[in-house]
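J.: Below is the structure I would like to discuss, written out as structure tokens.
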Amino acid sequence: MSEAEEESAFITLEFAELPPAEMSRRADEFYEMMDKRRTTRHFSDREVPRKLIERAIQTAGTSPSGAHLQPWTFVAVSNPEIKRGIREAAEKEEMKTYSERMPESWAEVLRPLGTDHVKEHLTEAPWVVVLFRHSKRVRDNGEWAPTYYSQESCGIAAGLFISAVHNMGLVTLTHTPSPMGFLREILQRPDHEHAMLVLPVGFPAEKASVPNLSRKTLGDISEFLE
Ligand code: IYR
């Protein structure tokens, strides 16, 4: 039996049913907590203990993934020189994106969010976490093989990471420098790992602001067929 087959021997699901009122209470409480989450571009340079970042990454690591291949690596950077290197490279690409590559149809929906090529958060935030997606894996026999649904898997893991960060009382920003190939080089990741998302994590700056936006309602985003 291969290692993977041995590992998937079945065990009993641990499941403790909750009383209906408690289910309801938790559903409301979690929604209300998550509804307070906001993405801000303004970070304080106040330190955040490494243990908290480890916990957020571990939480992300509980994500379901295609064939349970867990096709992700989270690189957490607090080193100021490395953060500066990431910022310089990101701003170089983003300068081109904002001034040359971005069509008006894209620019018009970004304008209300106030984004631009200046990425201060990459040096201000105490931690910059880069999520790398694995497009391939090594089989037990040493051959390369694909991973499955790695975009979906990493997207879900990112959602759990963001939720964990919010729940512990910190803020994060989903930053997507484009193209982001420079991150593999700076962070010395192998060729089958693809940077997917840059997540500065920290406390908000004292006067942090967010765009005055509203969220779509339940009716806007759902359809129930009963
Ligand atoms: N990647 C750029 C541009 C950008 C694109 C989207 I879509 C956003 O929601 C926000 C920004 C950047 O990170 O600035």
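Please treat every number below as a calculation from the coordinates, not as lab data. Keep in mind the model is a prediction, meaning the values are calculated, not measured. Positions of Cβ are backbone-derived with ideal geometry, glycine not excepted, and every protein chain shown enters the neighbour counts.
J.: Which of Met102, Met33, Met23 moves most in a GNM of the chain, Cα contacts under 10 Å?
T.: Evaluated over the chain, the most mobile residue of the options is Met23.
J.: With a cut-off of at most 14 other beta carbons within 10 Å, and DSSP calling the residue loop, which chymotrypsin sites (Phe, Trp or Tyr not before Pro) in region 68-169 qualify? Please list them.
T.: Qualifying residues, ordered by number: Tyr148.
J.: Explain nothing, just compute: Karplus ³J(HN,Hα) = 6.51 cos²θ - 1.76 cosθ + 1.60, θ = phi - 60°, for every residue of region 62-70 in order, whole Hz, x for Gly and Pro.
T.: Computed from phi, the couplings for region 62-70 are 7, 4, x, 8, x, 6, 6, 8, 6 Hz.
J.: Principal axis lengths of the chain from Cα atoms, whole Å, largest first?
T.: 54, 51, 39
J.: Determine which aspartates and glutamates satisfy two conditions relative to Lys207: a Cα distance under 17 Å, and not lying fewer than 8 residues away in the same chain.
T.: Asp45, Glu120, Glu124
J.: With θ taken as phi - 60° and the coefficients 6.51, -1.76 and 1.60, list the Karplus ³J(HN,Hα) couplings across region 80-96 in order, rounded to whole Hz; mark glycine and proline as x.
T.: With coefficients 6.51, -1.76 and 1.60, one gets x, 5, 5, 4, 4, x, 5, 4, 4, 5, 5, 5, 4, 5, 5, 4, 5 Hz.
J.: Continuing with the same structure: Placing +1 on the Cβ of each Lys and Arg and -1 on the Cβ of each Asp and Glu in the chain, which of Pro177, Pro200, Phe43 has its Cα farthest towards the positive end of the resulting dipole?
T.: Phe43
J.: Next question, about the same structure. Can you give the longest stretch of the chain with no exposed loop site, where a site means trypsin sites (Lys or Arg not before Pro) in a DSSP loop (not H, G, I, E or B) with at most 16 other C-beta atoms within 10 Å?
T.: 47-138
J.: Could you run the Karplus curve 6.51 cos²θ - 1.76 cosθ + 1.60 with θ = phi - 60° over region 140-148 and give me ³J(HN,Hα) per residue in whole Hz, x for Gly and Pro?
T.: After applying 6.51 cos²θ - 1.76 cosθ + 1.60, I find 4, 7, x, 7, 7, 9, x, 9, 10 Hz.
J.: Also, I was wondering about something else. Hey, any idea what Rg/Rh is for region 71-165, computing Rh the Kirkwood way over Cα pairs?
T.: 1.06
J.: Which of these, Ala164, Ala208, Ala89, has the largest mean-square fluctuation under a Gaussian network model of the chain (Cα springs below 10 Å)?
T.: Ala208
J.: Under a point spin-label approximation (7 Å from Cα along Cα-to-Cβ), what is the Ser214-Arg37 distance to one decimal in nm?
T.: If labels sit at Ser214 and Arg37, their model points lie 2.2 nm apart.
J.: Something else about it: For Lys51 and Lys96, what is the calculated FRET efficiency with R₀ set at 41 Å and r taken between the beta-carbons, to the nearest 0.05?
T.: E(calc), rounded to 0.05, equals 0.60.
J.: Straight-line reach from Lys96: which lysines fall under 18 Å, measuring Cα to Cα and dropping same-chain residues less than 8 apart?
T.: Cα-Cα hits under 18 Å: Lys119.
J.: Hey, another quick one. Quote the relative contact order of region 41-206 in percent (integer), defining contacts as alpha-carbon pairs under 8 Å separated by 6+ residues.
T.: Computed over region 41-206, the figure is 38 percent.
J.: With the chain treated as a Gaussian network of Cα nodes joined by springs under 10 Å, which of Val109, Val171, Val77 yields the largest mean-square fluctuation?
T.: Comparing Val109, Val171, Val77 in a Gaussian network model of the chain, the most mobile one is Val109.
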